[in-house]
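In what follows, a single structure is set out as structure tokens and then discussed.
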Amino acid sequence: LLALKVPRRRVAVNALAVLGLILGGVIVASGWLADARMTMKEPALVVAKEGAEMLSTPSNNSTPVLSLPQGATVDVLSPRGAWSYVDLNGAVRGWVQTERLEPLVPGESL
């Protein structure tokens with residue numbers, strides 16, 4: 001009813017404002033859903049720094065499973081202080097020193 005009393009130009013401006021609000025809401029929602037913290041079930045994704053060894057147990061003298069190259073992305077399954085139990089591409093799991101990992105998502109901690 002209000003639209004009938006308001007000049008046509010004002011109705012167009014109001015319609016554009018409402019469309020802008022809807023579009024803004026869609027952009028915010030898609031950004032929120034694209035956040036790795038919302039889409040991943042693991043606590044965090046990390047990038048291995050140069051020289052990170054994946055070990056069979058959380059101990060410096062345990063058997064090496066493999067050497068992670070710099071920039072490898074792993075999923076942290078269980079952070080435990082100085083050690084983190086990680087998964088590489090769903091195929092290999094092992095322990096890595098937490099200090100050799102950095103969060104992929106800024107502001108996160110392991």
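Here is a list of conditions, (1) surrounded by 13 or more Cβ atoms within 10 Å (Cβ to Cβ); (2) modelled with pLDDT under 85; (3) more than 22 Å from the chain's Cα centre (by Cα), and G51 meets all of them except one; can you say which number that is?
That leaves (1) as the condition not met.
Quick check on my filter: what residues within segment 76-97 are in contact with a strand residue (DSSP E or B) (Cβ under 7 Å, 6 or more places away or on another chain) and part of a loop (DSSP other than H, G, I, E, B)? Please lay out each step first, then the result.
Restricting attention to segment 76-97, the residues satisfying the condition of being in contact with a strand residue (DSSP E or B) (Cβ under 7 Å, 6 or more places away or on another chain) are 76-78, 82-88, 92-97.
Listed by number, the list holds a single entry, A82.
Give all pairs with beta carbons closer than 9 Å in which a residue from segment 84-95 that is of a type in the set (D, E) meets a residue that is outside any strand (DSSP E or B); count only pairs at least 6 apart in sequence or on separate chains.
So the pair list comes out as D87/E42.
For the structure I just gave you, tell me whether V65 is open to solvent by less than 40 Å² (accessible area, probe 1.4 Å) and either without any contact (Cβ under 8 Å) to a residue 40 or more places away in the chain or closer than 22 Å to E108 by Cα (or both).
no
The values are calculated or read from the model by the stated rules, or taken from the named source; none is laboratory data. Worth saying up front: this structure is predicted, and the values here are computed from it rather than measured. Reconstructed Cβ throughout: ideal geometry from the backbone, glycine too, with neighbour counts over all protein chains shown. Note: accessible area is taken over every heavy atom of the protein model, side chains too, but ligands, DNA and RNA are not part of it. Shrake-Rupley method; radii C 1.70, N 1.55, O 1.52, S 1.80 Å.
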